[in-house]
Amino acid sequence: MMMRNIWGAALVFGVLSAAAVSSQQQQPAAPGAPAAAPNAPPGKDVSWAFPVKNGDLAPEPEGPKQIPGSTKSYTQKEIDDLNAAVDWFPNDHPPAPAIVMKGHGDALACGVCHLMNGAGHPESATLAGLNADYIRRQMADFRSGVRNEPNRMNKIAQALSQEEIDQSAEWFSKLPPATGWTTVTEAATVAKSFVGGGRMRFALPAGGTEPIGVRIITLPQDQGRATKRDIHSGFKAVVSPGSVKRGETLVKTGGGGRTIACGTCHGDALQGLGSIPRLAGLQPIYIARQIYSFQDGDRHGLEAAVMKKPVEKLTDADIVAIASYIGGLKN
């Protein structure tokens, strides 16, 4: 069975760098996009949730870059360096462990993809405020191959020392969740888009809209700030009308036997219980692709065994709805 992004203990994880709808329901991707993500099961097009690069933004002018509210400046080359995290607002967080700031070999700097506020980009995962033992457990699973992530995390986990894992897990666990990092909006149409560098989705420069369908389309609130890894500028997720209310019913009641109430394991406010992770306020697209990984059997390990039953009856629309409601909650 082919592997895709995964999360942990009952619905999500927060330590992963870089959902699906039926082919009849899926709206076409941007010109040049693959018909389906390479890890899609038969009959599924998950390209909206498992981003695959199919275009490029116009090159940035050379020279130092700045963002609102920061006295720092970096070149685009420095911003794009996966082994050195840019830290626009160093006073926003405690001093970071070396591995968060600087990578080595296959062990990339954690702060590049997960950002220096731990919120992460849509193709990555949120780490801020997650239980440190939970993060350690996921890293152990990445290292052993029990949990397989097709982009980077397995190689990263294998290249890290246990001390580096312990230090980064403790540091991220103490960061406050980034409230409002992703806003959820219901609309019948969404901007036409493509997947650019870093597997981030951007609106097409030529403009235009298309039906949202049964998808979650996540775009930067400010494209120029997102590509500079600005931790003060988040994302907007667009879903079809009625998704959030439908998701609330499924999350709170189980939808009459379609699933079980998420609060049973994750707590009434979905803030997590012990090492069971928080769900509230995580990236909706990330939540969706983890549900699909559990549902399709692409995820192995303890969390997969726990989650298999709750997700087995969920439809594409159910998954989008649950992810939309959870992603819009305050964390």
Inset, instruction - Residues being assigned to a loop (DSSP other than H, G, I, E, B), surrounded by fewer than 13 Cβ atoms within 10 Å (Cβ to Cβ) and in the same structural domain as residue 119 (by TED's automatic domain parsing): count how many of those fall in the range 62-97. - result: 2
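If a residue counts only when it is crowded, with 22+ Cβ neighbours inside 10 Å and of a type in the set (Asp, Glu), which helices (runs of 4 or more DSSP H) contained entirely in the range 114-199 have at least 1 such residues?
Details: elements: 132-144, 153-159, 162-173.
It comes to 132-144.
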Inset, instruction - Kindly indicate whether residue 282 is of a type in the set (A, V, I, L, M, F, W, C) and over 19 Å from the mean Cα position of the chain (by Cα). - result: no
Inset, instruction - List the number of the failed condition for residue 250; all other conditions in (1) out of contact with any helix residue (DSSP H, G or I) (no Cβ under 8 Å at 6 or more places or on another chain); (2) of a type outside the set (Asp, Glu); (3) modelled with pLDDT of 95 or more; (4) in the same structural domain as residue 323 (by TED's automatic domain parsing) hold. - result: (1)
Inset, instruction - Would you point out the residue of the range 221-245, among those that are more than 16 Å from residue 88 (Cβ to Cβ) and in contact with a helix residue (DSSP H, G or I) (Cβ under 9 Å, 6 or more places away or on another chain), that is surrounded by the most Cβ atoms within 10 Å (Cβ to Cβ)? - result: 239
Inset, instruction - Assess whether residue 261 counts as being at pLDDT 95 or above and either under 30 Å from residue 205 (Cβ atoms) or in contact with a His (Cβ under 6 Å, 6 or more places away or on another chain) (or both). - result: no
Legend entry - Any chance residue 144 is closer than 26 Å to residue 73 by Cβ and at pLDDT below 95: no
Inset, instruction - Output the number of the condition that residue 218 fails; it satisfies all remaining conditions of (1) surrounded by 22 or more Cβ atoms within 10 Å (Cβ to Cβ); (2) in a loop (DSSP other than H, G, I, E, B). - result: (2)
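The values are calculated or read from the model by the stated rules, or taken from the named source; none is laboratory data. Quick caveat, the model's predicted, so the values are computed rather than measured. Neighbour counts are summed over all protein chains in view; Cβ atoms, including those assigned to glycine, are modelled from backbone coordinates with ideal geometry.
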